[in-house]
Amino acid sequence: MPRPWLALPMLLAALALCPALPVAAQSATAASTTREVRFPGRGEPGDQRFDFSAELLVLVLQRAGGGWKVEIIDAMKQPRALQAARQGDVDVVALPNLASDRSRLIVVRKPLRRGLLGMRLLLARPADAERLMRIESLESLKRDFVMGYGDTWMDREALTDLGFRLSTGNNYPGLFDMLRAGRFDYLNRGVNELGPELADPRLAGSGLVVVPGIALYYPLDDYFHVTPRRPDLARAIERGFQRALEDGSYSALFQKHFEAAMREARLQERSIIHVSGYPVPPGTPLEDFDVLGLVRSTAVFNPPSVNAPR
């Protein structure tokens, strides 16, 4: 049996011959035990599309307990966010439910806005708004008009397969400039997106109008998708989300962000055109995509008396 003082140098020599643990692997090991959570949710100045999902993540982790700390980092385009989560460079991303089955991430199957992202209004030049509001059918919209769309938005292929004619751009503010320039006929915007866009002259607030009288609807919203390196985090989000639904704090946050947008959209006065055939992945909790029920009732805007998250 080797003497202990002889075994130690032998052990050190053997360790010196072992390859160093890669930095990424070290980070992954640390991430599995930390309570810090990296989330890409901060857009460029004035871009408010990511505010609700970031605040909701903070809320559900507060409700989960355990001292989670969320670091909001710069937003990423959807394909980049997906890859970053797969690699463990970020911990949570908000991606469309359409992407859930092929994401290879841990999916928390709760629509972040109860399907509000799928309630779509049309944005157009004033000269085209009347023609658009008088479409006779969804087929005439597909046949006679061209929709502008982001080339990295994950349901672009689905809309093409459904027969929409698309003209794409790779820059979010640039899409509004393309519409003003007549490169296509309309943009298709979620009710939750349009308010801040109309308030910003760089976006919809200059030379564009919301087409009156009609809206589109299909089952689209984001889920939280968690890196496969953080199953503990996915369980915490699931647990905290359910608690936020039950104690009224989710409803309060929804009201804070979207009550005015839903009221100003006058959805009760619009013909809501259902886009049939929009892909619905297996396991989609369609009962939770209940925003059409919210349109018909104001009950959701009287949640239990709770403090909205700060």
One can check that the equivalent ellipsoid of the stretch 46-131, built from the alpha-carbon gyration tensor with semi-axes equal to the square roots of five times its eigenvalues, has lengths in Å, largest first, of 29, 16, 14
Ignoring ligands and nucleic acids, Ile73 exposes an accessible area, probe 1.4 Å, in Å² to the nearest 10, of 40
How big is the dipole moment of the stretch 99-238 about its Cα centre under a simple scheme where the beta carbon of each Lys and Arg is +1, that of each Asp and Glu is -1, and everything else is neutral? Debye, nearest 20, please. 320
Assuming 0.36 nm per residue, please report the length gained on full extension of the stretch Arg165 to Gln48 beyond their Cα-Cα distance. 39.4 nm
Based on the Cβ-Cβ distance of Glu287 and Arg235, what FRET efficiency does E = 1/(1 + (r/R0)^6) give at R0 = 25 Å, to the nearest 0.05? 0.70
Of 145-151, 205-211, ordering from highest average Cβ density within 10 Å down gives 145-151, 205-211
Students often forget the sequence filter, so: which lysines lie under 22 Å Cα-Cα from Lys69 once same-chain residues fewer than 8 apart are removed? Lys110
Here the convex hull volume per residue of the stretch 178-220, taken over Cα atoms and given in Å³, is 90
Summing +1 per Lys or Arg and -1 per Asp or Glu among the other residues with Cβ less than 9 Å from Pro279's Cβ gives -2
How large is the charge dipole for the stretch 27-172, taken about the Cα centre, if only the Cβ atoms of Lys, Arg (+1) and Asp, Glu (-1) carry charge, to the nearest 20 debye? 340
How much net charge surrounds Glu197 when only the other residues with a Cβ under 11 Å from the Cβ of Glu197 are counted, with Lys and Arg +1 and Asp and Glu -1? 0
Per 0.36 nm of contour for each residue apart, how much would the distance between Asp247 and Ala260 grow if the chain were fully extended, relative to their Cα-Cα spacing? 2.5 nm
Taking only protein heavy atoms into account and a 1.4 Å probe, give the accessible area per residue of the stretch 102-233 in Å². 37
Counting only protein heavy atoms and leaving out ligands, DNA and RNA, the solvent-accessible surface of Tyr250 at a 1.4 Å probe, in Å² to the nearest 10, equals 0
Placed amide H near Arg165: partners under 5 Å, 5+ positions off or other chain: Met147
Contour minus Cα-Cα distance for Met133 and Thr34 (0.36 nm per residue): 30.4 nm
In whole angstrom, and with the biggest value first, how far do the Cα coordinates of the stretch 62-183 range along each principal axis? 55, 26, 26
Points 7 angstrom from Cα along the Cβ direction at Ser271 and Ser206: gap in nanometres? 3.4
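The values are calculated or read from the model by the stated rules, or taken from the named source; none is laboratory data. Just so you know, these numbers come straight off a predicted model, no measurement behind them. Positions of Cβ are backbone-derived with ideal geometry, glycine not excepted, and every protein chain shown enters the neighbour counts. Side chains included, ligands, DNA and RNA excluded: accessible areas come from the protein's heavy atoms. Shrake-Rupley method; radii C 1.70, N 1.55, O 1.52, S 1.80 Å.
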